1. Long-range amide H contacts for Tyr132: which residues qualify at under 5 Å (H placed 1.01 Å from N, peptide plane, sequence gap of 5 or more or a different chain)?
2. Suppose a student asked you for the relative contact order of region 160-231, using Cα pairs under 8 Å spaced at least 6 residues apart; what percent would you report?
3. Which order do Asp151, Asp189 take when ranked by solvent-accessible area (1.4 Å probe, heavy atoms of all protein chains), largest first?
4. With every protein chain present, what is the per residue accessible area of region 151-253 (1.4 Å probe, Å²)?
5. In straight Cα distance, which aspartates and glutamates are under 16 Å from Lys162, not counting same-chain residues fewer than 8 positions off?
6. How many angstrom lie between the C-alpha centres of region 159-179 and region 184-218?
7. Mind listing the phi-derived Karplus ³J(HN,Hα) values for region 56-68, rounded to whole Hz, using 6.51, -1.76 and 1.60 with θ = phi - 60°, and x for any glycine or proline?
8. In whole percent, and with a 1.4 Å probe on the protein chains, what portion of the accessible area of region 47-89 is carbon and sulfur?
Amino acid sequence: MPSKALRRLLDTAESIGQNRGWLREHTALWWARHHLRKAVYVSGALQWGTKSFEFWTLLMAILAVVRPKSMVEFGSGRSTSYLAEYAMKQGVPYASIEQNRGYARRIKLGLSNSFLDPHYLHHIPIAPDGWYDPEVLGRVAPPDCELLFVDGSVGAQEEIGKGVRRCERADNWLAAAAAAASSKVLIVDDVHRRSNLVLFRALTSSAPHLRPFFVSYNVQAAPNIVAIGVLSSSYPRIVRICSEAGIEIHTEY
């Protein structure tokens, strides 16, 4: 089924859930909507929504100003192309971690078709605790990275699987990476969800050398807020670029 048809079918199911007060959890219609949504996204047949071009402009500005010498990304997507291009041209190590095998294949193909190295992307399945398999993760993603982009794992929050962004092992790994002296950029997506906002605040509290700010966009008509921490010495230049480019940022959530 083409992606547009899948999107229409999924939107119809979502609108039923939003507009009809009698749709309750565990009813037959609820289960049908729940499993349709899970099957569509987990299969990789329909892509996730993407952010506005202002965010990608901001990401490129951050890369140009901070010049990170190593990068780790949890949750691959459109950002993978931007980061992979930077990594190739600057000759710096970069690991993008994706839990879904179907999405990993699609993104690798997209990198290849864009003349970028697909080997930056690593498929790592979810472990029983909901985060990435520790054995594979330890081989491909060193915690002493200068740029850390957290957009995974996914599943539990979205009601499509068991992946979680918060567990003891994830908290420890991310905290060590953010607090490291080498840390220069921290990006946590989806902080409009409270648990992700708590994660970002915990990470920046242990990394006082990072200056936090927020950007807000709509993704498929739904609000999306991204939290960013950059090296304090780089913050004024980022703010000036955003002002000149008309990109609105917020210092408070």
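1. Ala127
2. 35
3. Asp151, Asp189
4. 46
5. Counting by Cα, and skipping residues close in sequence, Lys162 has these aspartates and glutamates nearby: Glu98, Asp129, Asp133, Asp151.
6. Taking the Cα centre of region 184-218 as reference, the centre of region 159-179 is 13 Å away.
7. Computed from phi, the couplings for region 56-68 are 5, 4, 5, 4, 5, 5, 4, 4, 5, 7, 7, 6, x Hz.
8. 57
The values are calculated or read from the model by the stated rules, or taken from the named source; none is laboratory data. Just so it is clear, the model here is predicted, and its values are computed rather than measured. What goes into the accessible areas is simple: the full protein's heavy atoms, side chains included, and nothing from ligands, DNA or RNA. Shrake-Rupley method; radii C 1.70, N 1.55, O 1.52, S 1.80 Å.
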